[in-house]
1. Could you calculate the contour length gain from I342 to T97, that is, 0.36 nm times the residue separation minus the distance between their Cα atoms, to one decimal place in nm?
2. Over all pairs of distinct alpha carbons, what does the Kirkwood formula give as the hydrodynamic radius of the range 189-271, in Å?
3. Please build a GNM for the chain, connecting alpha carbons under 10 Å apart, and tell me which residue among P332, P140, P197 fluctuates the most.
4. Roughly how much of M1 is accessible, in Å² to the nearest 10, using a 1.4 Å probe?
5. Quick one: order F283, F178 from most to least accessible surface, probe 1.4 Å.
6. Highest mean first, how do 396-407, 119-130 rank when packing is the count of other Cβ atoms within 10 Å averaged over residues?
7. Averaged per residue, what accessible area in Å² does the chain show with a 1.4 Å probe, protein chains only?
8. Using a 7 Å offset from the Cα along the Cα-to-Cβ direction at both K43 and N104, what is the distance between the two label points in nm, to one decimal?
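The values are calculated or read from the model by the stated rules, or taken from the named source; none is laboratory data. These numbers were taken from a predicted model, which means no experiment stands behind them. Reconstructed Cβ throughout: ideal geometry from the backbone, glycine too, with neighbour counts over all protein chains shown. Protein only, heavy atoms only, side chains kept; ligands, DNA and RNA dropped before computing areas. Shrake-Rupley method; radii C 1.70, N 1.55, O 1.52, S 1.80 Å.
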Amino acid sequence: MHIYFSGIGGTGIGPLALIAKAAGFTVSGSDKQDSSYIDYLRKHGVIDIHIGQSREQIATVHDRRPIDWYVYSSAVEKESPDAPELQFVREQDIMMTKRDGLINLILKEKKLKLVAIAGTHGKTTTTAMVVWLFKQLKLPVSYSVGAKINFGDMGEYVTKSEYFVYECDEFDRNFLAFEPYISLISGVSWDHHEIFPAREDYQQAFREFISQSKWTILWQDDSDYLELTADSNYSVQDAANKQIKSITLPGLYNRLDAWLAIQAVHELTNQPIPVLVKHMNDFPGLQRRMEQIIPNLYSDYAHTPEKIRGAMSVALEMAAKKNQAVVVIYEPLTNRRQHHMIDDYGDCFDGAKKVYWIPSYLAREDSKQSIIAPAEMIAHLTDPSIARACERDDKLVKVIREHLKKGDMVVAMVGGGGDSLDEWIREKFKK
């Protein structure tokens, strides 16, 4: 079967392409722009990829070998319901689904039990942690992680695996297409406002996801936020549990994510908690989660106030060990998000010596909304004096170099993909 992946450079579609290839399918795909993720896929054997999503390009692929299944990113349809690729696929009567259709087929055909990690924040890290524990226990596991890891591919299918570990996101209600064997909720706060116009819509979607799961592990705070009633189908964890202190990873939020992963793997394998904690303390991290670019310069996928607080907790602990000051370069992810969360920034950068705030990374924007300037967002901080509006330019390169020369710890906080602050600093500060 020939499967064509549209939006193949995305963190949801890309790993699935790797899994499909490993499962024996013929794989090809497209994306609107080149990126480090595209390079990663090519280096891992997915080479039939073209940049651009025109009718002519997909027609050429189809002529060379007929496409049996068109799997597309939610963003493709959101940006343009009549995109050239979508029109071509409909005219050719090619089967088309979002990624959940293919994942459910793989689960069914390969008889895999789904371990789903959901949540507004922390789900990528938690997913990687679950995979790490399985690998340390030498147990076969199939999985999809939305970031690069150094202990495996972003997506793997292993023939003898019993479980499929999946970063199951809520965007476009993707996670409601599944009935997990076990699910983990890493943290919940209202997001994706274009899909969930009201906070209650978002909460209800998570309640539905939990009801579809055979067993769920989540925190007490999230249980309260979702207004769950007592039920035998989930385990509510206490963040004050003294055993969590035995986890030595930097950052409180990292330790909490680690505890969820430990609980899940303990349930699935019956391995003792102390053994799992020991393995977890060796967790090497993953790309764009406090990833070092060059000495003292880091990139982190923090783009909501909750994620920023989590990243700050890690950075401040790391910096304290070297008696460093923390400096942040912040690129908000999408202008539409800012209209909903501008009042939530508050003290999220507390502890930073300086914050350099650049314009938002734009994607799938509402043309009716005004673009919020960095200076306006900075005004909503508890202490606006720590932040400065600036541009992503040579002046910023100079500022970063000056802070590095002083020995400061500089963290780029960014959620965007191609042509984002993350890719910019990798280019400007090559090893």
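1. 84.7 nm
2. 14.3
3. So, out of P332, P140, P197, the one fluctuating most is P197.
4. In the full protein context, M1 sits at about 100 Å².
5. Result of the area sort, largest leading: F283, F178.
6. Those peptides, ordered most packed to least, come out 119-130, 396-407.
7. Result: 42 Å² per residue.
8. That separation, rounded to one decimal, is 3.5 nm.
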